[in-house]
Amino acid sequence: MSTGISHLDNRLRLCAEFVRNGAKLADIGSDHAYLPVWLCQNGKCPSAIAADINPEPLKRGHDTVVEANLTDKIETRLSDGLKSINSGEADDIVIAGMGGELIARIIGDCGFSKDKSKQFILQPMTKSEYLIEWLCKNGYKILKQDCCVASNKCYTVILAKYTGDVTAYDETYYYIAELDTKKETHLRFVRNHINRLLKQANGDVRFAVLAKRLEEIINDNN
């Protein structure tokens, strides 16, 4: 008897919402493989690869797949980022639960990341501004961005794809990007940025200037 996944937390649910119907999935840093199992058992994805760089979380993911009776649809694979994933195996790539700098490196190291048919669903735990700046300066477009609260922490999820267009934005864009600060969770996420910048301002006044500019943008929008 399969157990499957009855629900996802808000963070993974938001990632799942960004995945296209019928897309083959690669979930990088999958750990328990909750996301690919949920997407496959609900018919949104026909197949998935649950990848992790470490054997122990990969074993946890494999156990989840076996318990859900989805070994015919989901493969668990040891992989450093996307290095062991082939282009034809994934349409949508989820990279969630790690720092923005590491996510940028994983995309940069991927040979097929500039395939314009691929979409990346990215959930940085830290340094989202670094990731967004890297995407913009390396030819990726942010198609959509949203926020959610899980376990009383505010997270953002970014949907991006390669277009080849390199865009230079004002520095404030990397902190707000496609968020709508009229929405409560989006405002909370940006305010977290501002609070962090104000703490950093003790060592560098430039952070205080940036925090003030972000506050002005919020006030203008609201």
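All of the numbers you see were taken from the coordinates with simple rules; none came from a lab. Since the model is a prediction, treat every value here as computed from it, not as a measurement. Cβ placement follows ideal geometry from the backbone for every residue including glycine, while neighbour counts extend to all protein chains displayed.
Label V66 and S87 with points 7 Å out from Cα along Cα→Cβ: what is the distance between them in nm?
If labels sit at V66 and S87, their model points lie 3.5 nm apart.
Based on the alpha-carbon set only, what is the convex hull volume of the range 158-209 divided per residue, in Å³?
Cα-based convex hull of the range 158-209, divided per residue, equals 102 Å³.
To the nearest 0.05, what FRET efficiency results for K212 and R20 with a Förster distance of 41 Å applied to their C-beta separation?
0.55
If each of D180 and L78 carries a label point 7 Å out from its Cα toward its Cβ, how far apart are those two points in nm?
Going from the D180 label point to the L78 one covers 4.6 nm.
When the chain is fully extended, how far beyond the present Cα-Cα distance does A150 get from T172, taking 0.36 nm per residue of separation?
5.4 nm
State the dimensionless ratio Rg/Rh of the range 110-171 (Rg: radius of gyration of Cα atoms; Rh: Kirkwood radius).
1.00
What lysines does K144 reach when the alpha-carbon gap must be under 17 Å and sequence neighbours fewer than 8 apart in one chain are set aside?
K116, K118, K161, K182, K183
Under the 0.36 nm per residue contour assumption, what length would be gained going from the current alpha-carbon distance of K59 and K114 to full extension?
16.7 nm is the gain from fully extending K59 to K114.
Enumerate the amide H contacts of T76 below 5 Å, restricted to partners 5 or more residues apart or on another chain; note that Pro and chain-start residues carry no placed amide H.
Counting only residues 5 or more places away or on other chains, the set is A50.
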